[in-house]
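Worksheet: one structure, shown below.
The values are calculated or read from the model by the stated rules, or taken from the named source; none is laboratory data. Values in this document were obtained by computation on a predicted structure and should not be read as measured data. Cβ sites come from the backbone with ideal geometry, for glycine too, and all protein chains shown count toward neighbours. Surface areas here come from the heavy atoms of the whole protein model, side chains and all, with no ligands, DNA or RNA. Shrake-Rupley method; radii C 1.70, N 1.55, O 1.52, S 1.80 Å.
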Amino acid sequence: MAHTLTTGPNGLETPQDLGVPFERVSIPSGPRHLDGYLVSAPPHCRGVPGLVIYHGVGETISMWAKAQALLYAQCVSSLVFDYTGSGYSSPGPTFEVLHQDALAAFGFGKARFGNSRLFLLAHSMGNGVLLEALPQMDEQPKGLILANAFVSLRAQMARLGWFPRLMSYVMPDWWNNVKAAPAISTPVLLIASDGDKVVPSEDGRGIFAAVRQEKFFVLLHGYGHNALYKTPDDEYWRPILDFIKDQSKFPEDEQGHSH
């Protein structure tokens with residue numbers, strides 16, 4: 001499984017290419033380091049929330065530059081980091097190591113942004129990494145945004161063909177987000193799309209049903225699995241920004257947004 005947790009080198013794009021100042025950070029995680037881009041909101045912003053991004057498999061921090069630029073324009077500070085084995089972070093990924101990475105990134109984000117306005121966003125595989133580590137965080141964030149989340153790694157493997165399906169029967173039940181959801185003790189925004197060809201929106205509904213805290217579900221229409229960072233736009237990000245800045249804008253448990 002370690003091979004599937006490894007990416008090639010980080011790409012060249014940075015927030016600076018989009019006119020956004022950023023800081024290249026190195027996050028200690030045990031004896032390893034995690035490479036990251038940290039973008040602080042403009043000085044004129046007030047009451048700035050901070051967002052730590054747990055990206056998906058096969059992604060690196062350069063892929064999130066456009067999303068960080070969008071957040072900067074909306075007065076949100078952000079940190080995206082590469083797990084062990086991704087980009088230019090230290091080599092040697094395992095499920096246990098990624099657990100440590102999740103805690104290290106939270107601690108770094110809390111130190112830089114302050115816990116009172118700290119939110120965590122996970123995309124795709126990042127949901128498993130985040131939710132598995134959440135109970136071990138020394139404090140809880142202000143809220144969670146779970147985007148394009150699968151119910152479990154085992155279930156996701158079973159969708160990938162006959163051999164991964166066969167392997168799914170014997171592999172441990174890693175990153176079971178439905179089982180992890182009842183332990184969440186902070187408000188949750190869960191986002192899925194009916195245009196996602198990688199993770200069906202029904203997975204998001206399954207996780208949503210298992211959450212016992214204050215929760216909101218947004219079903220997007222027509223967006224692909226990676227649209228959150230590949231082609232970020234105001235329509236996709238609007239429910240996230242509303243959740244971060246003013247949860248009172250979510251009067252219902254479920255909303256729909258069209259693309």
Query raised in the report: Principal axis lengths of the range 42-150 from Cα atoms, whole Å, largest first?
Result: 41, 29, 26
Requested in this report: Starting from the Cα of Val48, move 7 Å in the Cα-to-Cβ direction to define the label point; list residues of the range 94-127 whose amide nitrogen is under 16 Å from there.
Outcome: 109-119
Report summary line: Place a point 7 Å from the Cα of Asp17 in the direction of its beta carbon; the residues of the range 53-79 whose amide N falls under 14 Å from it are 60-69
**Report entry** Amide H contacts under 5 Å for Tyr223, placed H, 5+ residues apart
**Finding:** Asp194, Gly195
**Report entry** Reference-scaled alpha-carbon Rg (2.2 N^0.38 Å with N residues) for the chain
**Finding:** 0.93
Report task. Springs between alpha-carbon atoms under 10 Å, Gaussian network over the chain: tell me which of Val198, Val151, Val52 tops the mean-square fluctuations. Result -> Val198
Query raised in the report: In the range 14-70, if every C-alpha pair distance is counted and binned at 10 Å from zero, what percent goes to each bin?
Result: 20, 51, 25, 4
Query raised in the report: Roughly speaking, what is the stretch gain from Ala183 to His221, that is 0.36 nm per residue apart minus the C-alpha to C-alpha distance, in nm to one decimal?
Result: 10.8 nm
Query raised in the report: So what is the relative contact order of the chain, in percent, for Cα pairs below 8 Å that sit 6 or more residues apart?
Result: 16
Report task. Could you calculate the FRET efficiency of Arg205 with Tyr88 from 1/(1 + (r/R0)^6), where r is the beta carbon distance between them and R0 is 35 Å, rounded to 0.05? Result -> 0.45
Query - Net charge of Cβ neighbours under 14 Å - reference Ala227; Lys, Arg +1; Asp, Glu -1 - result: -2
Report summary line: Counting only DSSP beta bridges with both partners in the chain, the antiparallel fraction in percent, to the nearest 5, comes to 30
Report summary line: For the range 1-115, the per residue accessible area (1.4 Å probe, Å²) is 39
Query raised in the report: What does the charge count near Lys142 come to, summing +1 for each Lys or Arg and -1 for each Asp or Glu among other residues with Cβ under 13 Å from its Cβ?
Result: 0
Query raised in the report: With springs only between Cα atoms under 10 Å, which of Ser116, Ser40, Ser185 fluctuates most in a Gaussian network model of the chain?
Result: Ser116
